[in-house]
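What follows is a short report on a single structure.
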Amino acid sequence: QVQLVESGGGSVQAGGSLRLFCVASRRIFSIMNMGWYRQAPGKQRELVATITSGSSTNYADSVKGRFTISRDNVENTVFLQMNSLKPEDTAVYYCRGDLGYRDYWGQGTQVTVTV
C-alpha cells in the first residue's frame with residue numbers, strides 16, 4: 001500500500017503562484033509514474049501534468065508554460081509549481097501514483113484563485 005499526501009494549496013490572487021507537494025509513503029515512489037489532476041465544482045476530474053519515473057513530462061494545454069511538474073526520488077516527493085494562476089485554475093488538486101497494474105490517489109488539496 002502507498003499513501004500519497006498533498007499539501008501546498010491555498011488561496012491566491014490571479015497572477016500569483018503556488019507550489020504543491022505530494023509525498024509518498026514508500027520508496028517504491030521512484031518507479032512510479034506520477035501525475036497531478038484537478039477537479040473543479042461541477043466538472044470532471046482532468047489531467048494537469050504527469051512525470052514518468054524517468055522524469056519525462058506532459059502537460060495539459062491549459063497549463064503549458066505556466067505550470068511545472070518535477071520530482072525528488074530521494075524525498076519521495078512530486079511537486080507542481082503553478083505560476084500566473086488564473087481563476088479557472090480553481091479546483092481540488094489530486095496527486096496520482098501509477099505502477100501500471102494499479103494506481104494510488106491522494107486526498108486532494110484545494111487551490112482557489114481570486115480575481
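One line per residue, one yes/no per condition, for (1) among the aliphatic types (A, V, I, L, M); (2) in contact with a strand residue (DSSP E or B) (Cβ under 8 Å, 6 or more places away or on another chain):
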residue: Gln3; (1), (2): no, yes
residue: Gly9; (1), (2): no, yes
residue: Ala24; (1), (2): yes, yes
residue: Ser30; (1), (2): no, no
residue: Ala49; (1), (2): yes, yes
residue: Thr57; (1), (2): no, yes
residue: Leu80; (1), (2): yes, yes
residue: Lys86; (1), (2): no, yes
residue: Tyr93; (1), (2): no, yes
Point to revise | Cross-chain or 6+ apart pairs with Cβ under 7 Å, the stretch 7-27 first and at pLDDT below 95, then open to solvent by 60 Å² or more (accessible area, probe 1.4 Å) | key: Ser25/Gln3
Review point. Out of the stretch 45-67, which residues are outside any strand (DSSP E or B) and buried (at least 17 other Cβ atoms within 10 Å of the Cβ)?
Key: Val63
Exercise for review: Read through the list (1) closer than 23 Å to Gln3 by Cα; (2) open to solvent by 20 Å² or more (accessible area, probe 1.4 Å); (3) part of a strand (DSSP E or B), then give the number of the only condition that Thr112 fails.
Suggested key: (1)
Practice item. Would you check which residues across the stretch 83-99 are assigned to a loop (DSSP other than H, G, I, E, B), open to solvent by less than 40 Å² (accessible area, probe 1.4 Å) and farther than 19 Å from Gln3 by Cα and list them? Key: Leu85, Thr90
Point to revise | Of all residues in the stretch 2-38 being of a type in the set (D, E, K, R) and over 15 Å from Ile69 (Cα atoms), the one that is surrounded by the most Cβ atoms within 10 Å (Cβ to Cβ) | key: Arg26
**Study point:** Test: residue in the stretch 72-79 that is among the hydrophobic types (A, V, I, L, M, F, W, C), on the phi < 0 side of the Ramachandran plot and in contact with a Cys (Cβ under 9 Å, 6 or more places away or on another chain)
**Key:** yes
Review point. Exactly one of (1) open to solvent by 20 Å² or more (accessible area, probe 1.4 Å); (2) under 13 Å from Val2 (Cα atoms); (3) of a type outside the set (A, V, I, L, M, F, W, C); (4) touching a residue at least 12 places away in the same chain (Cβ under 8 Å) is unmet by Arg102. Its number?
Key: (4)
Exercise for review: Scan the stretch 32-39 and give yes if some residue there is among the charged types (D, E, K, R), under 20 Å from Val115 (Cα atoms) and in a loop (DSSP other than H, G, I, E, B), otherwise no.
Suggested key: no
Point to revise | Pairs, first assigned to a loop (DSSP other than H, G, I, E, B) in the stretch 68-82, second open to solvent by less than 50 Å² (accessible area, probe 1.4 Å), C-beta under 8 Å, six or more apart | key: Asn73/Phe29; Asn73/Ser30; Asn76/Ala24; Asn76/Phe29; Asn76/Ser30
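The values are calculated or read from the model by the stated rules, or taken from the named source; none is laboratory data. Remember, predicted model here, so these are calculated numbers, not experimental data. Neighbour counts are summed over all protein chains in view; Cβ atoms, including those assigned to glycine, are modelled from backbone coordinates with ideal geometry. Accessible surface is based on the protein model in full, side chains and every heavy atom, while ligands, DNA and RNA are left aside. Shrake-Rupley method; radii C 1.70, N 1.55, O 1.52, S 1.80 Å.
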